[in-house]
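Beneath this line is the structure, given in structure tokens, with notes to follow.
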Amino acid sequence: MYKLQMIAAIILLAAMGYLVGMIRRRKLDIKYALSWMIMIGLMLIVDIFPPILSLISHLFGIATPVNTLFFLGFIFSLMLIFVLTVSVSRLSDRMRQMSQALALAEKRIRELEESNTSETENKE
Amino acid sequence: MNNKKKCLVIIPAYNEEKSILDTVRDLKEYAPEFDYIVVNDCSKDGTVALCKKNQIPFLDLPVNLGIGGAVQTGYHYALENGYQIAVQFDGDGQHDARYLENMKESLEREKADLLIGSRFIEKKGFQSSGLRRLGIRYFTILIRMLTGVRITDPTSGMRMAGEQAILIFATHYPKDYPEPESAVAAIRQGLKLVEIPVVMRDRMEGTSSISAGKSIYYMIKVTLAILLERMRRY
């Protein structure tokens with residue numbers, strides 16, 4: 001095994017450890033961490049068994065294996081960004097519904113409190 | 001019974017402390033049968049304090065939702081409180097409260113579900129700039145082509161909704177630049193849309209939400225929204 005492979009493997013394992021730590025401290029949802037974990041796992045496999053990359057390159061008809069790496073990385077990034085866009089849309093929609101419900105509820109509470117205070121004033 | 005319909009004026013407000021009192025005074029004077037509610041869209045000025053001080057009923061949104069989200073809050077309120085008619089009314093002094101009674105009569109007479117106050121039927125009062133009129137004309141033609149219905153002023157924010165329209169708008173309402181898109185959504189869901197002539201004033205305070213830079217985004221976004229609305233199945 002080459003030195004570079006070792007360094008890459010250590011970095012990847014550290015990243016994996018960091019990810020797991022964040023999930024443990026509930027800073028990251030497993031749902032969103034999963035794609036990153038799969039990504040790190042795949043990178044580890046390619047790092048330890050580089051011939052896999054050459055094999056895929058051959059299958060795709062890509063002359064230089066490193067281009068396969070760029071290509072796959074690019075596809076992965078685009079997919080991740082798209083998924084995030086969808087979830088931002090969903091979140092903003094939910095945020096809108098919640099704000100509206102909150103505004104309606106706030107008015108009812110305000111009016112209840114006002115009628116309460118005026119009632120007690122009347123009693124006194 | 002029919003004349004005793006509960007009517008609500010929805011006044012979306014973002015930093016309107018300078019004009020909101022005038023708007024409410026006009027409403028009290030010229031449309032006394034209408035209840036009204038200010039929807040404060042997270043104003044940074046004293047809009048809320050002013051409403052509290054003058055006992056103007058208001059809904060206070062905790063985060064800024066933009067015009068679409070604010071107006072929709074008003075429709076939710078109308079639905080929750082059993083209003084049969086809800087009318088959108090700008091708080092910046094552009095709309096004239098004297099038309100409300102007239103609009104209500106037209107809505108009932110024509111048995112319409114959605115009534116739009118149009119500046120371009122009688123072509124009186126504030127007519128917007130030439131370029132904007134051209135843009136509005138383009139939307140009129142686009143909506144005519146896609147739905148067969150002619151709306152002379154699809155960007156007009158002065159519109160009155162009947163019960164069915166209130167329900168539809170409370171369920172779905174576009175977030176930004178909602179006017180043309182929501183009109184098409186109403187037509188697509190089988191509502192009867194009628195326009196009546198109104199005269200609008202130039203705004204007393206504030207500036208249009210659509211600046212020169214945003215107008216290109218506006219044209220593209222609204223065109224796309226109308227096209228997609230036409231493709232939706234109901």
Sequence gap at least 6, Cα distance under 8 Å: using those rules, report the relative contact order of chain B to the nearest whole percent.
24
How far is the Cα center of the stretch B:1-68 from the Cα center of the stretch B:151-166, in Å?
18
Work out how far the C-alpha atoms of the stretch B:2-231 reach from end to end along every principal axis, then list the three figures in whole Å, largest first.
48, 45, 34
Please work out the ratio of the alpha-carbon Rg of the stretch A:61-124 to 2.2 N^0.38 Å and round it to two decimals.
2.56
Rel. contact order, % - alpha carbon contacts under 8 angstrom, at least six apart, the stretch B:40-117
19
What's the angle, to the nearest 10 degrees (0 to 90), between helix A:3-24's Cα axis and the longest principal axis of chain A?
20
Rounded accessible area per residue of chain A, 1.4 Å, Å²
78
For the stretch B:48-114, state which trypsin sites (Lys or Arg not before Pro) are in a DSSP loop and have at most 10 other beta carbons lying within 10 Å of their beta carbon.
B:Lys111
Applying the gyration tensor rule to the Cα atoms of the stretch A:1-49 (axes a ≥ b ≥ c; rounded if a/c under 1.5, else prolate if a/b exceeds b/c, else oblate), the class is oblate
Whether the stretch B:5-63 is rounded, prolate or oblate, judged on the alpha carbon gyration tensor where a/c under 1.5 counts as rounded:
prolate
Distance check, please: which entries in B:Lys53/B:Lys214; B:Lys52/B:Lys104; B:Lys4/B:Lys192; B:Lys5/B:Lys124; B:Lys4/B:Lys175 exceed 24 angstrom between their Cα atoms?
B:Lys53/B:Lys214; B:Lys52/B:Lys104; B:Lys5/B:Lys124; B:Lys4/B:Lys175
Counting only other chains, and only Cβ atoms inside 10 Å, what mean value do you get across the residues of A:102-108?
6
Nearest 20 debye, what's the magnitude of the dipole of the protein assembly as shown about its Cα centre given +1 on Lys and Arg Cβ and -1 on Asp and Glu Cβ?
1280
Using only the C-alpha atoms of the protein assembly as shown, find the volume of their convex hull and express it per residue in Å³.
214
For a test of the definition: using alpha carbon positions, the gyration tensor, and the 1.5 limit on a/c, classify the stretch A:26-96 as rounded, prolate or oblate.
oblate
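Starting from the stretch B:38-107, pick out the GluC sites (Glu not before Pro) whose DSSP state is loop and whose Cβ has at most 16 other Cβ atoms within 10 Å.
none
The values are calculated or read from the model by the stated rules, or taken from the named source; none is laboratory data. What you see is a predicted model; the values in this text were computed from it and never measured. Counting neighbours? That spans all protein chains shown, and the Cβs are built from the backbone with ideal geometry, glycine included. Remember, those area values only see protein heavy atoms, side chains included, never the ligands or the DNA or RNA. Shrake-Rupley method; radii C 1.70, N 1.55, O 1.52, S 1.80 Å.
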